[in-house]
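The values are calculated or read from the model by the stated rules, or taken from the named source; none is laboratory data. The shown structure was predicted, so the numbers you read here are calculated from the model rather than taken from an experiment. Every residue, glycine among them, receives a Cβ derived from its backbone with ideal geometry; neighbour counts consider all protein chains shown.
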């Protein structure tokens, strides 16, 4: 049996509604989860909301609301995003849940038992927006003379009694782990950044706050709540049953195979998180992947302060969920920054999904319906060119795309898939089955059966990216829900069984309609 597979998104901070960056990460993580399920692995996929911290508390106060009321509302929007974008998470964890408080307290007690926590006074720079402490050497000066974090966010001087974690004790252990596990941090550029940071020396980390009370209470220390990143990171274990570390679910799925995160929070996940786990005597995740930013027009980072945040639900409503999913996975090399525009979404969708794959499927099924009454034949005699085309398609669907998806190279895998689609369309033009109907009906039938087989394979392979559209197409070609996986691509008898079942192709319904931009937007 294949090994179980555990994957997570970053735990979203819900002091505002979801933006397109949240959707991008959720979609990419969902594609990987669906891909692994289609490979036969038992998958557990966790996402959720990180609802504690000073930023959340301040947002609620400014709105004149109770913090928990704001958290309840905003968390709901993130759940809605998952449902609307077909993000198939198995668990949605909120840091305000009692089960998560229990998990965070257990982690704290383990770190305390290891002798890695001590009480002292913190004085230094803190970014409320990043929920992060920064050293003076990391700061820059803004246009107005204000001090800014490496992320460009304002920092403020903080002085309070806090608990500290002995992060400095873990410098060499972390470096050894990075060296021994080169895939622990990906892509390589993020790994190099983290290595340089840790090699520069680690200071002990403040891990509690007393200036506000919106957080998980520190056990046995009145007035202290845990630093938001301590309890946020613990969410990944809450999702699989911690603090019951001996429980069946935790034993099955932990450590996580992949934490999917944005590049701006790599330090928290690859320095603080593994050090906490080392201290607690728990296994480390196998990989942390820091993907790039999704940029707005002009290459600017999206932010509420810049006024360029985009609602992903509006884009999904406008262009279609699967079209949006396909665009993000195809257009942007995962791990690098990328940009999007309405024109780019329309162009990519029309060129590849509508005109290429959609047209291929529509033409194939229409010709089977019109020319041979929808009847399938598993006993046709394939010619060399038929065998050659199936070889190209099977290589793309069974080898090239899976290999690249396994490495999170989604755009490269889809490029291989699209080359196979183009090969099929070229084959249609060369074989001209509409002409063979009168001159050589047997040859026409062989061509159509070859195309039918190819459309099935291409639909199964792209299904993790465009699940709803692929399912609609697979419904039309008689492929049951239990045969829509990569294992089924190695089944040579499926067409014979389909014929024996009496299935026939009906008048097809288009799955990938063309998109249009309003004239004024196209002109702009």
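Out of 16, 48, one residue alone is under 18 Å from the mean Cα position of the chain (by Cα) and either under 25 Å from residue 256 (Cβ atoms) or part of a loop (DSSP other than H, G, I, E, B) (or both). It is 48.
Looking only at region 108-123, residues that are without any contact (Cβ under 8 Å) to a residue 60 or more places away in the chain and closer than 25 Å to residue 59 by Cβ come to 0 in all.
Residue pairs, Cβ under 9 Å, 6 or more apart or interchain, first in region 443-468 and outside the structural domain of residue 425 (by TED's automatic domain parsing) and in contact (Cβ under 8 Å) with a residue 60 or more places away in the chain, second surrounded by 24 or more Cβ atoms within 10 Å (Cβ to Cβ) and assigned to a loop (DSSP other than H, G, I, E, B). List them. Listed by first residue and then by second, the contacts come to nothing, as the list is empty. In region 87-126, the residue that is farthest from residue 155 (Cα to Cα) out of those that are in a strand (DSSP E or B) and within 27 Å of the chain's Cα centre (by Cα) is 91. Can you tell me which residues in region 244-264 are surrounded by fewer than 21 Cβ atoms within 10 Å (Cβ to Cβ) and part of a helix (DSSP H, G or I)? Within region 244-264, 248, 249, 250, 251, 252, 263, 264 qualify. Could you list all residues from region 1-49 that are on the phi > 0 side of the Ramachandran plot and buried (at least 24 other Cβ atoms within 10 Å of the Cβ)? 48, the sole residue that qualifies. Evaluation of residue 120 against the conditions (1) at positive phi; (2) surrounded by fewer than 20 Cβ atoms within 10 Å (Cβ to Cβ) shows that the sole unmet condition is (1).
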